[in-house]
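See structure below.
The values are calculated or read from the model by the stated rules, or taken from the named source; none is laboratory data. As the structure is a prediction and not an experimental result, all values here were calculated from the model. Note that we place each Cβ from the backbone using ideal geometry, even for glycine, and neighbour counts take in every protein chain shown.
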Amino acid sequence: MTRSYLDHAASSPMIPEAAAVLTARLGLAGNASSRHASGRAARAVLEDAREQLADDLGAHPTEVVFTSGGTEADNLAIQGAWRARPRGRIGRRDRLVRSAVEHPAVAETMAALESGPDDGGADVAIVPVDREGVLDLEALRRALEVPTQLTSVMWVNNETGTIQPITDVVEQARMAGSWVHSDAVQAVGHVPVDFIDSGLDLMSVSAHKLGGPIGIGALLVRRELPLRAYAFGGGQERDLRSGTAAPALAAAFATAVHRAVANRDVESERLERLAERLRYAVGTFGGVVNGRPGSPAIVNVSFPGARADDLLLLLDAEGFDCSTGSACTAGVHQPSPVLLAMGRDDKEARESLRLSFGWNTTARDLTALVAALPAAIERARLAGGAGR
């Protein structure tokens with residue numbers, strides 16, 4: 001059976017160029033922090049990757065802090081900002097602000113700080129979104145009336161592909177004196193991303209969402225920002241992130257980002273044609289598309305009466321890899337918090353199926369999917385009825 005991989009938002013297969021770079025660098029000897037010749041060679045590979053990433057993401061090389069991926073980058077942004085907040089009673093900033101549709105790496109980290117024993121914990125404000133998943137900017141303005149240390153809003157939602165008004169978020173947060181972070185893991189390669197021009201203070205990116213290797217990402221940190229580490233060791237990454245550097249992963253990461261950014265316009269147009277075809281088919285099959293069309297790489301759909309778990313398994317049996325939402329919840333499917341935040345009820349939130357595209361998705365994949373969907377939907381509805 002020929003399989004169609006339609007789960008790029010969870011993890012995209014490595015592009016051949018990145019795989020070739022990774023393979024070529026895996027035999028590299030030496031610790032990039034060592035001062036001997038082998039260490040210096042490893043350091044050169046690491047710094048070349050840092051410079052390439054900075055160039056492609058609109059940042060200065062010193063602003064690129066390598067991490068193990070997007071989750072660690074989000075944690076470093078949130079926890080590092082919280083640790084850096086003013087401590088005195090005057091000018092104290094105990095509030096953290098996030099949207100209602102953030103990735104668990106942001107939402108759960110803020111929740112942990114809120115319930116923590118340190119000085120009573122953070123005051124976390126959650127800003128709602130509308131039924132299309134777009135941030136309520138007036139509610140954001142009200143949330144920022146309390147002195148705020150950090151505002152975090154995802155650039156492109158990982159479940160629906162909805163694009164948030166980052167420019168407006170930055171403007172409001174700046175006026176309120178808050179630092180601004182964005183999880184841009186699903187944005188790079190699909191929408192224009194320039195760190196310096198965005199006005200952001202912190203931005204998370206990850207390699208494996210755009211054809212790079214699993215196990216590496218980066219947090220972009222504005223140079224003058226006094227972020228603080230939350231884990232300790234050798235301080236290899238600007239004293240913000242410790243651990244032995246991975247030059248081979250960094251080189252492959254930079255290769256994947258460079259290809260994604262260089263090909264963004266052409267690839268986005270190609271993926272948008274596929275997404276539009278799928279959205280049209282969903283309507284003809286009695287389904288609905290969740291969220292405002294945004295990233296061409298993600299389409300979130302629901303078919304009333306068809307549980308997403310059932311539909312996923314039926315499509316899997318027919319050779320289609322897709323998802324019921326974020327793959328970062330230990331494989332346990334719960335009603336999508338994103339869909340719930342968008343005003344769907346529990347039943348509707350359990351009917352959400354995410355199909356996400358990438359560099360190896362073809363028109364043939366969409367043709368086969370559209371052909372397989374009607375029977376799968378009918379069987380899923382029957383299974384749902386039998387289970388009630």
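In table form, for the structure just shown:
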| quantity | calculated |
| --- | --- |
| Matching option when the condition is among the acidic types (Asp, Glu), under 22 Å from GLN52 (Cβ atoms) and buried (at least 23 other Cβ atoms within 10 Å of the Cβ), among ASP183, ASP197, ASP201 | ASP183 |
| Candidates ARG238, ARG222 - the one that is modelled with pLDDT under 95 and in contact with a helix residue (DSSP H, G or I) (Cβ under 8 Å, 6 or more places away or on another chain) | ARG238 |
| Subset of the range 153-183 [more than 23 Å from SER352 (Cβ to Cβ) and either part of a strand (DSSP E or B) or in contact with a Phe, Trp or Tyr (Cβ under 9 Å, 6 or more places away or on another chain) (or both)] | ILE166, ALA173, TRP179, VAL180, HIS181, SER182 |
| Qualifying residues in the range 54-108 (those that are out of contact with any Leu (no Cβ under 9 Å at 6 or more places or on another chain) and β-branched (Val, Ile, Thr)) - the one surrounded by the most Cβ atoms within 10 Å (Cβ to Cβ) | VAL106 |
| Checking ALA306 against (1) in contact (Cβ under 8 Å) with a residue 60 or more places away in the chain; (2) over 29 Å from VAL257 (Cα atoms); (3) assigned to a helix (DSSP H, G or I), the condition it does not meet | (3) |
| Among the residues listed as SER38, SER115, SER4, SER33, the single one being touching a strand residue (DSSP E or B) at 6+ places or on another chain (Cβ under 8 Å), of a type in the set (S, T, N, Q) and farther than 19 Å from TRP155 by Cβ | SER4 |
| Tally of residues being under 20 Å from ILE377 (Cβ atoms) and surrounded by fewer than 21 Cβ atoms within 10 Å (Cβ to Cβ) across the range 288-306 | 4 |
| The one condition in (1) outside any loop (DSSP other than H, G, I, E, B); (2) out of contact with any Ser or Thr (no Cβ under 8 Å at 6 or more places or on another chain); (3) aliphatic (A, V, I, L, M) that ILE126 fails to fulfil | (2) |
